[in-house]
Amino acid sequence: MALLDRTRAAARRLRAIDDITRPEPVELRGHLAERWAGLPPHVRGASQSIGRRTMGCEGTQGVFPRCNLACTPCYLGAEANRVRTDGAHTRREVERQMRELGRRRGPWQNAQLIGGEVTLLGPEHHGDALEAMLRARRKPMSMTHGDIDYGYLRRLAVRADGSRRFRRLIFAVHFDSLMLGRSGIERPRGEADLHGHRARFVAHFSRLRSEHGVSSYLAHNMTVTPANLDQVPAVVRAAGRQGWRLMSFQPAAFQGNARRWREDYRRLDADDVWAAIERGVGARLPHRAVQVGDARCNRSAQGAYVGDRWVPILDDRDPRDLRARDVVFRAFGGLNWEVRPSLAAVRIARAVARRPGTLIIAAGWIVRFARRSGVRALARHRCRPVTFVMHRFMDASDVGPAWEQLQRGALSADPRVRETQERLMACSYHMAHPDTGRLVPACAQHAVFDPVENRRLARLLPLREDPPTSTSRG
Ligand code: SF4
């Protein structure tokens, strides 16, 4: 009997090891295939990563809409600041939404803890929400305006007894001169005024790592309008080497609070914004190698600074690189390598063992990357990976009718509405609505659902019951 028990226990342990070291979780494979099949045909090209590598991004909704800075434009509805930020409500909602996302989209997808300003939750409740997301097997990213000090981060990442609460933190930080009310610089005159604040934010995380061993992944977000477009290159030049792993630029859209719209955002052209980023990088940014959703919504280029030069990982004009991309999609699928290096190595080894030809392709890619970087530069400098992204949200006045027709199963003949519908159908960024079982694109969330949701939350969580302060600064 004892021998039988021991054998069963050993078999269970082996199964668990097999599961955790498997390149792609079995349940994710089915979700990816379903997602791919559900994509509209116009985005199902060779470069499409949704349905192959990822399910796309996710975000929370209806949790903490309030913010203590003022952006122009601001995607939060006009009623957002009438809602109290409440830790218990946030944890409940985050748990419900993450459970739903896990059920519908499989494990370990990128999920943003987003709404209003996350740090108004206070470090304890903020940490509770991140833990709930991890329990639901999401990769949580906190979206903040970044007006916080080191004490806040330490209290978030480290328990009172000095032990680490989180091994790694992922933050997306919104920094641009269209935001008013930041401590020490209430009204920036331009983007250059914020370079020091950007650097200080990154420095907080370096300190967190050296003092407490908490690593980080930091994404810099900037809203672009006609007023600051010409400053984009300078932001890239200054911040590109500060330690951000991703720099994302969002051309402004007419979304959210209409009282905060200041300029004619329709004058912005996606190519102009991308060209401004390229001027800052000092290199062409090849965005056609890997696509996330619809090209009219997103562009991205992965690469690394080798010394002063940014070098792309994949050149979209080199057929050998495109072949390498295809091989990675096939061999690795939804492999999650943002884990302990030893575990990532075993998963990669198992994936390669299934397709040994991957090694030859990888060797060719290494040679090409070394040539592009310059072998001497590679020997002298550390590679610092930085991805550049542009995410172009849509105007609420376009999204409202497009979404309404989509719900009736109608495709519009009007070219502008039709484009909006096509983009919504290929959306790479969803929010869960557990009550209705719907997954909603972020553009529709802001344009259609947030105003109603905020009015409901203002009744549920009225401001007058605000708890004693437990805010970001301290
Ligand atoms: S539909 Fe909107 S939220 Fe979705 S990817 Fe396009 S711009 Fe982004």
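For residue 78 and residue 206, compute 0.36 nm times the residue count separating them, minus their Cα-Cα distance, and round to one decimal in nm.
Roughly 42.4 nm would be gained on extension.
When the Cα centres of segment 277-356 and segment 397-452 are compared, how far apart do they sit, in Å?
Each part's Cα centre sits 29 Å from the other's.
Could you check what % of the DSSP bridge pairs in the chain are antiparallel, to the nearest 5?
Here the share of antiparallel DSSP bridges comes out near 40 percent.
Indicate the gyration tensor shape class of the chain (rounded, prolate or oblate), computed on the Cα atoms with a ≥ b ≥ c the square roots of the eigenvalues: a/c under 1.5 is rounded; otherwise a/b larger than b/c is prolate and the rest oblate.
rounded
Say each of residue 3 and residue 360 gets a label point 7 Å from the Cα, pointing the same way as Cα to Cβ; how far apart are those two points in nm?
Taking the simple label geometry, residue 3 and residue 360 are separated by 4.9 nm.
I need the shape label for segment 1-98. Rule: rounded when a/c is under 1.5, else prolate if a/b > b/c, else oblate, with a, b, c from the alpha carbon gyration tensor.
oblate
How do 430, 212 line up, fewest other C-beta atoms within 10 Å first?
By the 10 Å Cβ count, ascending: 212, 430.
At 222 nm, what value in deg cm²/dmol follows for the chain if DSSP H runs of at least 4 each add -39500 (n - 2.57) and the sum is divided by all its residues, to the nearest 500?
-13000 deg cm²/dmol
Expressed in nm to one decimal, what extension gain is obtained for the pair residue 384 and residue 135 from 0.36 nm per residue of sequence separation less their Cα-Cα distance?
That pair, residue 384 and residue 135, stretches by 86.6 nm at full extension.
Based on the Cβ-Cβ distance of residue 288 and residue 12, what FRET efficiency does E = 1/(1 + (r/R0)^6) give at R0 = 41 Å, to the nearest 0.05?
Working from the Cβ atoms, E equals 0.30.
How far apart, in nm, are two points set 7 Å out from the Cα along the Cα-to-Cβ line at residue 460 and at residue 350?
3.9 nm
With the crude spin-label approximation of a point 7 Å out along Cα→Cβ, what separation in nm comes out for residue 452 versus residue 159?
Calculated label separation equals 4.3 nm.
For segment 306-461, what number results from the quotient of the Cα radius of gyration and 2.2 N^0.38 Å?
1.49
Provide the three semi-axes, in whole Å and in decreasing order, of the ellipsoid equivalent to segment 29-171 as defined by the square roots of 5 times the Cα gyration tensor eigenvalues.
Largest first, segment 29-171 gives 29, 19, 14 Å.
Only counting other Cβ atoms within 10 Å, I'd like 29, 15 sorted with the fewest neighbours first.
15, 29
Pull out the extension gain between residue 149 and residue 337, defined as 0.36 nm times the separation in residues minus the alpha carbon to alpha carbon distance; nm, one decimal.
Result for the pair: 64.6 nm of gain on full extension.
Among 342-352, 51-61, 172-182, 236-246, how do they line up by average Cβ neighbours within 10 Å per residue, starting with the highest?
The densest-packed peptide leads the list: 51-61, 172-182, 236-246, 342-352.
Just the projected area, averaged over all directions, of the convex hull on the alpha carbon atoms of segment 221-292: how many nm²?
5.7 nm²
Which of rounded, prolate, oblate describes segment 406-451, given a ≥ b ≥ c as roots of the alpha-carbon gyration tensor eigenvalues and a/c under 1.5 marking rounded, otherwise prolate only if a/b is larger than b/c?
prolate
Sort 380-390, 92-102, 153-163 by packing, meaning the average of other beta carbons within 10 Å per residue, with the highest value first.
Highest mean packing first, the order is 92-102, 380-390, 153-163.
Of the GluC sites (Glu not before Pro) in segment 168-227, which ones lie in a loop per DSSP and count no more than 16 other C-beta atoms within 10 Å?
In loop regions of segment 168-227 (DSSP not H, G, I, E or B), the sparsely surrounded GluC sites (Glu not before Pro) are 186.
Given +1 on the Cβ of Lys and Arg, -1 on the Cβ of Asp and Glu, and no further charges, what dipole in debye does the chain carry about its Cα centre, rounded to the nearest 20?
In total the dipole reaches around 1960 debye.
Just so you know, all these numbers are worked out from the coordinates, no wet-lab data involved. Because the structure is a prediction, the values reported are computed rather than measured. For neighbour counting, all protein chains shown are included, and Cβ atoms are generated from backbone atoms with ideal geometry for every residue, glycine included.
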